[in-house]
Amino acid sequence: MGIYNARATLEEAARMEKDGIVRDSVIKRFEYTYESAWKTAKVFLNERFGKDVFSPKECFREMRRQGLLTDEETELSLTMCDDRNDIIHTYKEALNVGVNRVHSYGA
């Protein structure tokens, strides 16, 4: 699935009425959209600038250094990285606050 299709599916789920199934769908769609985005950016940085990056945060910081992201976009990208890690590695019902923030990424 390409980055644009992945984002479209995330946006679609984020617009739906929130319930347990939609929550789980948004989490999964956020995960694959996020993974697609940073891996696409990783390839672009290598092909365009000869930069090898090995983690999402390193990737977003390098994109900022290359002028591809603003400070605000970089900060949002790093926050998304933290949210992704929290959701994927330590998912609990208490993280619904973070999940609600994920909903806003698709808006």
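The values are calculated or read from the model by the stated rules, or taken from the named source; none is laboratory data. Model, not experiment: these values are computed from the prediction. A quick note on method: Cβ atoms are made from the backbone with ideal geometry, for glycine too, and the neighbour counts reach across all protein chains shown.
Filter the range 37-60 for residues that are over 25 Å from residue 8 (Cα atoms) and either surrounded by 15 or more Cβ atoms within 10 Å (Cβ to Cβ) or not small (Gly, Ala, Ser) (or both) and give the result. Talk me through it step by step, then tell me what you get.
Going through the range 37-60, the residues over 25 Å from residue 8 (Cα atoms) turn out to be 46-54, 58.
Within the range 37-60, 46, 47, 48, 49, 51, 52, 53, 54, 58 meet the criteria.
Just the residues that are within 10 Å of the chain's Cα centre (by Cα), of a type in the set (D, E, K, R) and at pLDDT 90 or above, please, taken from the range 31-52.
We begin by selecting, within the range 31-52, every residue within 10 Å of the chain's Cα centre (by Cα); these are 31-38.
Pick out the ones that are also of a type in the set (D, E, K, R) and you get 31, 35.
Across the range 31-52, the qualifying residue is only 35.
Being modelled with pLDDT of 75 or more and not in a helix (DSSP H, G or I) is the filter here, so list the residues in the range 14-30 that pass it.
The answer is 17, 19.
Can you find even one residue in the range 80-102 that is out of contact with any strand residue (DSSP E or B) (no Cβ under 9 Å at 6 or more places or on another chain), closer than 14 Å to residue 41 by Cβ, among the hydrophobic types (A, V, I, L, M, F, W, C) and modelled with pLDDT under 95?
Scanning the range 80-102, I find at least one residue that is out of contact with any strand residue (DSSP E or B) (no Cβ under 9 Å at 6 or more places or on another chain), closer than 14 Å to residue 41 by Cβ, among the hydrophobic types (A, V, I, L, M, F, W, C) and modelled with pLDDT under 95, so the answer is yes.
Looking only at residues in the range 31-59 that are part of a helix (DSSP H, G or I) and small (Gly, Ala, Ser), which one is farthest from residue 69 (Cα to Cα)? Reasoning before the result, please.
Looking only at the range 31-59, we keep the residues that are part of a helix (DSSP H, G or I), and these are 31-49, 56-59.
Next, from what is left, pick out any that are small (Gly, Ala, Ser): 36-37, 41.
Working: 36: 17, 37: 13, 41: 11 Å.
Among those residues, the one meeting the criterion is 36.
Name every residue in the range 53-77 that is small (Gly, Ala, Ser) and more than 16 Å from the chain's Cα centre (by Cα), in order of residue number. Steps first, answer last, please.
Here is the first cut: in the range 53-77, the residues small (Gly, Ala, Ser) are 55, 67, 77.
Within the range 53-77, 67 is the sole residue that qualifies.
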